[in-house]
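Throughout, read-outs are computed from the coordinates displayed, never taken from laboratory work. These numbers come from a predicted model, not from an experiment. With ideal geometry, Cβ positions are generated from the backbone for all residues, glycine too; neighbour counts draw on all protein chains shown.
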Amino acid sequence: MPWLRQLEFAFEQAATAVATEQTVFVGQALRLPNLGTATDAVALQCPGCDAELEKIARDLLRVHGATRIARELRVEWNSRLKTAAGRADYRQKLISLNPLLFEHPAEIDRTLRHELAHLLAQFRAGRRRVLPHAEEWQEACRDLGIADEKRCHNLPFPVSERARRFLYKCPNCQRDFPHTRRIKRAVACLACCRAHNGGEFDSRFRLKLICHVERSRDISYRSQSNRRSKAQQ
C-alpha cells in the first residue's frame, strides 16, 4: 500500500475511534434512547410531543386524503392551556393538548379528533378560510368518527377570569367576538365578508373593540379605593 494511502487509512481509523468514544460518552452521560427512527429524533427535540398520538393523527389524515399535512403534523402536550382542552394551529400543523386530560383519559382521543377536524376542514378548503365550527368542521368531525361533537367541552377545568378579557363586535351583524388578547392586526367578521364580499377582507366588517373587562374592573377598584381614602380623611 502506498505511503500516502496508508496515512489516509490511519487518519480514517483515528477519526472513527474518536467519534465512537464521543458517542458512547454522550449516551452514557445523558442516557439517550436508541434513536432508531426519525420520529424518535423529533420527540427528543420536542419534549412535549407525543409520538403515539402523532402517529394516530397522521394515519387519520392520510385515510382522508390529507397526506401533505400529515407529514408535517405535530402533537404536543402544552401546560399553557388552562380552560381549553386542545388547540389546533393550521399554519404550524400543530395540535396542542391540555395535560389536564390525563385526569380524563377517555376524552383524549375525542379531543385529538376534535382538533384534527379543524386541520382537515381547512386543508379541504384550501386558501379559503373557514369558520372554526362551521359546516366544514362538522363534516370533518363526521369523517373522523365524532359526528355528535360539540363546539365546547364540558370537562371540569378551572375557569380563568382572564380567559375573555377583550370583547370585539362586528359593526354589521353585531356578533360578539371575545378574545383573550388584544387584536393587533385588521380582522373582519368572516361571516359578513363571505356573505357580502365573496369571502375577501372588507374593512366595513372590521371588528371593533367594545370593552376590556380587566381594565374596567381595575378602574372600578381604583374608584372605590379613592372614595374610601377620601372618606377616611
Given 0.36 nm per residue, what is the gain on full extension from ARG204 to ARG175 after removing their alpha carbon distance, in nm? 9.0 nm
On full extension of the chain, what length is gained from GLU135 through ARG87, given 0.36 nm per residue of separation minus the C-alpha to C-alpha distance? 15.4 nm
A convex hull over the alpha carbons of the range 73-199 yields, per residue, a volume in Å³ of 132 Å³
With Cβ to Cβ distances under 13 Å as the rule, what net charge do the other residues near GLY126 carry (K, R +1; D, E -1)? +4
Once both labels are modelled 7 Å past Cα along the beta-carbon direction, what's the ARG142-GLU103 spacing in nm? 3.6 nm
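Report the calculated FRET efficiency for ARG185 and LYS150 (r = Cβ-Cβ distance, R0 = 22 Å), to the nearest 0.05.
Numbers: r = 30 Å, r/R0 = 1.35.
Efficiency, rounded to the nearest 0.05: 0.15.
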Summed over the other residues with a beta carbon less than 12 angstrom from that of ALA70, with K and R at +1 and D and E at -1, the charge totals +4
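Sort 141-149, 83-91 by the packing proxy (mean of other Cβ within 10 Å over each peptide's residues), most packed first.
On the way: 141-149: 15.6, 83-91: 17.1.
The packing order, highest mean first, is 83-91, 141-149.
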